[in-house]
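Undergrad: Just passing along the structure, written as structure tokens.
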Amino acid sequence: MLKSTLPLLLVFSLGLCGVVIYEGKGDECDTLLYAETFILTLGGVQTIDLTNLTATATCSSGPSMEISFGDAADNVTSLKVSVGFSGTDTGYWSSDIMNVTYNDGTDDISLSGKFKTHLISKSFSFACSLPSVTTLNSEPAGKKGKVTLNMYQLQAFNVADSKFLDSYQCVNYISKGAWMGIFGGVVMIVVLILSIMMLFSTSTPDRFETSKSKCLIIPHEH
């Protein structure tokens, strides 16, 4: 596969602090990433809010999206974050891996980690309102990091007019708590119906003991 060298700077400010859309265009691809939270943590101590940095987004056939942030800190220069996507012949796509490269003032560092989304149709984008944390490790081992995304949306195929398609949500329409409530409610209704049926099936005695009648004898087995 040939890698496109066509860069595009397209970081839309939405009028909200820390909210950006990155669009990477190439000769044969177009990708979109929306993020309200986009944070890089290096070594567990250094945190960089990537939404506050000016970025250049590009796209390579495959496709993959690369976002260049330049110099993010004195010890983090030439910072780049890339996300790789894969598609199937049946018309579905997902994200595969995330890579982070930078120079710490001494060496060029490369970190990578699995960044998986659901396998969805190419006629949909992927959106998630839950935090996604991608753990990154270097080869050879020694450096660690993580990328945190929250309230984000991705699209790797069929981008038109720089707009997202209808989204596939990572959160189910009915949550686990809702399913537990529904199940508990069904159990309570069944118990109530059985109780009412048992109550209606209760019969009253048709003979009563008086002072002039013989004592009622209820046979029983020993």
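The values are calculated or read from the model by the stated rules, or taken from the named source; none is laboratory data. Here the structure is a predicted model, which is why all the values come from computation and not from measurement. Because the Cβ atoms are built from the backbone with ideal geometry, glycine has one as well, and the counts that use them run over all protein chains shown. Quick note on the areas: whole protein, heavy atoms, side chains included, nothing else; ligands and nucleic acids left out. Shrake-Rupley method; radii C 1.70, N 1.55, O 1.52, S 1.80 Å.
Undergrad: Filter the range 113-137 for residues that are in contact with a Lys or Arg (Cβ under 7 Å, 6 or more places away or on another chain) and open to solvent by less than 20 Å² (accessible area, probe 1.4 Å); which is nearest to residue 170 (Cα to Cα)? Full working, then the answer.
TA: First, the residues of the range 113-137 that are in contact with a Lys or Arg (Cβ under 7 Å, 6 or more places away or on another chain): 133-137.
Cutting the leftovers down to open to solvent by less than 20 Å² (accessible area, probe 1.4 Å) gives us 134, 136.
Working: 134: 16, 136: 22 Å.
Per the criteria, the residue is 134.
Undergrad: Quick one: count up the residues across the range 125-136 that are at pLDDT below 90 and either farther than 19 Å from residue 154 by Cα or not in a strand (DSSP E or B) (or both).
TA: So the count comes out to 3.
Undergrad: Testing residue 39 on (1) among the hydrophobic types (A, V, I, L, M, F, W, C); (2) within 21 Å of residue 164 (Cβ to Cβ); (3) open to solvent by 10 Å² or more (accessible area, probe 1.4 Å); (4) under 19 Å from the mean Cα position of the chain (by Cα), one condition comes back false. Which one is that?
TA: With respect to (1) among the hydrophobic types (A, V, I, L, M, F, W, C); (2) within 21 Å of residue 164 (Cβ to Cβ); (3) open to solvent by 10 Å² or more (accessible area, probe 1.4 Å); (4) under 19 Å from the mean Cα position of the chain (by Cα), residue 39 is out only on (2).
Undergrad: Is it fair to say residue 113 is small (Gly, Ala, Ser) and not in a strand (DSSP E or B)?
TA: Against the criterion (small (Gly, Ala, Ser) and not in a strand (DSSP E or B)), residue 113 does not qualify.
Undergrad: So, one more: Being hydrophobic (A, V, I, L, M, F, W, C) and loosely packed, with under 15 Cβ neighbours inside 10 Å is the filter here; which residues of the range 43-72 pass it?
TA: Hit for the range 43-72 is 45, nothing else.
Undergrad: Can you tell me which residues in the range 152-179 are of a type in the set (A, V, I, L, M, F, W, C) and either touching a Pro at 6+ places or on another chain (Cβ under 6 Å) or modelled with pLDDT of 90 or more (or both)?
TA: The answer is 154, 156.
Undergrad: Also, I was wondering about something else. Can you tell me which residues in the range 78-88 are among the hydroxyl-bearing types (Ser, Thr, Tyr), farther than 13 Å from residue 112 by Cβ and in a strand (DSSP E or B)?
TA: Residues of the range 78-88 among the hydroxyl-bearing types (Ser, Thr, Tyr): 78, 82, 86, 88.
Next cut, farther than 13 Å from residue 112 by Cβ only: 78, 86, 88.
The answer is 78, 86.
Undergrad: With the condition being over 21 Å from residue 146 (Cβ atoms), I'd like the strands (runs of 3 or more DSSP E) fully within the range 28-77 carrying at least 3 qualifying residues.
TA: The strands (runs of 3 or more DSSP E) meeting that bar are 30-42, 56-60.
Undergrad: Another one. Output the number of the condition that residue 151 fails; it satisfies all remaining conditions of (1) in contact with an Asp or Glu (Cβ under 9 Å, 6 or more places away or on another chain); (2) among the hydrophobic types (A, V, I, L, M, F, W, C); (3) open to solvent by less than 40 Å² (accessible area, probe 1.4 Å).
TA: It fails just one condition, (3).
Undergrad: Identify the residue in the range 19-28 that is over 19 Å from the mean Cα position of the chain (by Cα) and open to solvent by less than 20 Å² (accessible area, probe 1.4 Å) and, among all such residues, is farthest from residue 71 (Cα to Cα).
TA: That would be 26.
Undergrad: Here is a list: 106, 134, 77. Which entry is among the polar types (S, T, N, Q) and within 15 Å of the chain's Cα centre (by Cα)? Explain how you work it out, then say what you get.
TA: Details: 106 fails: within 15 Å of the chain's Cα centre (by Cα); 77 fails: within 15 Å of the chain's Cα centre (by Cα).
One residue alone meets the criteria, 134.
Undergrad: Go through the range 154-184 and count every residue that is of a type outside the set (S, T, N, Q), open to solvent by less than 80 Å² (accessible area, probe 1.4 Å) and not in a helix (DSSP H, G or I).
TA: Total meeting the criteria: 10.
Undergrad: Is one or more of the residues making up the range 185-200 modelled with pLDDT under 80, over 30 Å from residue 31 (Cβ atoms) and loosely packed, with under 10 Cβ neighbours inside 10 Å?
TA: Within the range 185-200, none of the residues are modelled with pLDDT under 80, over 30 Å from residue 31 (Cβ atoms) and loosely packed, with under 10 Cβ neighbours inside 10 Å.
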